[in-house]
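What follows is a single structure, written as structure tokens, with notes after it.
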Amino acid sequence: MTTFTDPYASSQETTEGRVYSVTGGDWDSLVTEIGATKEERVVLNMGPQHPSTHGVLRLVLELDGETITETRCGIGYLHTGIEKNTEYRNWTQGVTFVTRMDYLSPMFNETTYCLGVEKLLGITNDVTERATVIRVMMMEFNRISSHMVALGTGALELGALSPMIFAFREREKVLDVFEMVSGLRMNMAYVRPGGVAQDLPDGALSKIRQTVKELRHNFKDNEKLLVGNSIWIKRTQGIGYLDLAGCTTLGITGPVLRSTGLAWDLRKAQPYCGYENYQFDIPTTDSCDVYGRFLIRMQELEQSLRIIEQCVAKLEKLEGEPVMVADKKIAWPSQLSVGADGMGNSLNHIREIMGESMEALIHHFKLVTEGFRVPVGQVYTAIESPRGELGVHLVSDGGTRPYRVHFRDPSFNNLQATAAMCEGGQIADVIAAVASIDPVMGGVDR
């Protein structure tokens, strides 16, 4: 290591030439040092504090002028240990942990986990139709809210302010629905093994219908701003190129894969939660670039609205049906409802277990404190999240707690594409490429 008089810059001699690490300093002296040899390269840290990387992703860029010659991702700044923590909680409590991984799509985390638990329990077909339809509806609302963040922040990072305002305006409408149904805007722990925590409150369907109508109308604002916009196209068309061969080699799924022209979506390819009974399309493009991924997300918004409308029609016919399996050894927490003080247990249920049935009280106590037992086995279940294939591998040793929980999060796999998308491009295009991947670091650092 050779130390210069400039305290902010240093260089290192390698077999490939002199490499400079630049952290600041006087520009004139910096230019002089870099120009000392024709083989120099500049190593630049983009993040983890850079706004476009959300404070928890570090990109190490090796530059030849403005051109990127090598890109490396540095992760681990947000590690939570969620997968390990679930080993010390019962199967139902695990929902509260997994919902916090990819914090922009909590409904998907909860659903894939619960589908896995239900498969181990052998009760997949016992989950009521009403509970399944509610799951689908909430997931599609969540897909919209997640895409709103992806589209809004992606535009903002390239200098477009208005799309961000419009996107978050619509996201608020979705979060209002989440709060109405579950009591929380994010990390709801609403989907539980055996069904959902509680039924829809009174007047929910009319509110949802009105929300869908408003969303469909307001989505046109961003469409008018960006689709076909010459400045937006110049910043996104041909940028972050990754073809089908690259996607399949790296295990990339979601909008990045569908931008290569392959209509791969687990809702169609490997249906779950009754998705085979819904009418919707899988948007694709063949541009393999940032602009194509943007168009796909815009088009998926309308497809999600179509599915939600079908869910509302189904729920009207299923009015009064239970939203949890009948087996009270699994259905925890039991008989939740909206009370005068917000969310809580049904007063009638509390009166029964506290004053009328000692056996019910004992059973409820054991179910809440100890949890139900899951037969020995292991299972993998996968669903289509806003970012691609979200899968969970569950292992049970026959106890009341998971032996192992491991998630295949699409953000983790999709980040592998960063180097392929960025190398050979310009520094300014890195932001567009990463934004088109739409990584959520809570899903990467589990």
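Being aromatic (Phe, Trp, Tyr), open to solvent by 10 Å² or more (accessible area, probe 1.4 Å) and either over 21 Å from TYR403 (Cβ atoms) or in the same structural domain as GLY195 (by the TED database) (or both): is that true of PHE141 here?
no
Tally the residues that are among the polar types (S, T, N, Q) and in contact with a Lys or Arg (Cβ under 9 Å, 6 or more places away or on another chain), restricting the search to segment 233-290.
Result for segment 233-290: 8.
Tally the residues that are assigned to a loop (DSSP other than H, G, I, E, B), open to solvent by less than 10 Å² (accessible area, probe 1.4 Å) and within 11 Å of THR284 (Cβ to Cβ), restricting the search to segment 241-260.
1
Restricting to segment 394-416, give me the number of residues that are part of a strand (DSSP E or B) and touching a residue at least 24 places away in the same chain (Cβ under 8 Å).
Final tally of qualifying residues: 7.
Scanning segment 360-376 for residues that are β-branched (Val, Ile, Thr) and open to solvent by 70 Å² or more (accessible area, probe 1.4 Å), which turns out nearest to ARG192 (Cα to Cα)?
Ranking the qualifying residues of segment 360-376, first place goes to THR369.
Here is a list of conditions, (1) within 30 Å of ILE330 (Cβ to Cβ); (2) open to solvent by 70 Å² or more (accessible area, probe 1.4 Å); (3) part of a loop (DSSP other than H, G, I, E, B), and GLN198 meets all of them except one; can you say which number that is?
Among (1) within 30 Å of ILE330 (Cβ to Cβ); (2) open to solvent by 70 Å² or more (accessible area, probe 1.4 Å); (3) part of a loop (DSSP other than H, G, I, E, B), GLN198 violates only (2).
If I filter segment 235-249 for residues that are at pLDDT below 90, more than 28 Å from LEU156 (Cβ to Cβ) and small (Gly, Ala, Ser), do I get at least one hit?
Yes, segment 235-249 has at least one match.
Would a scan of segment 267-285 turn up a residue that is among the β-branched types (Val, Ile, Thr), under 30 Å from ALA313 (Cα atoms) and not in a helix (DSSP H, G or I)?
Scanning segment 267-285 turns up at least one residue that is among the β-branched types (Val, Ile, Thr), under 30 Å from ALA313 (Cα atoms) and not in a helix (DSSP H, G or I).
The values are calculated or read from the model by the stated rules, or taken from the named source; none is laboratory data. Just so you know, these numbers come straight off a predicted model, no measurement behind them. Here Cβ is always computed from backbone atoms with ideal geometry, including for glycine, and neighbour counts include all displayed protein chains. Ligands, DNA and RNA are excluded from the accessible area calculation, which covers all protein heavy atoms including side chains. Shrake-Rupley method; radii C 1.70, N 1.55, O 1.52, S 1.80 Å.
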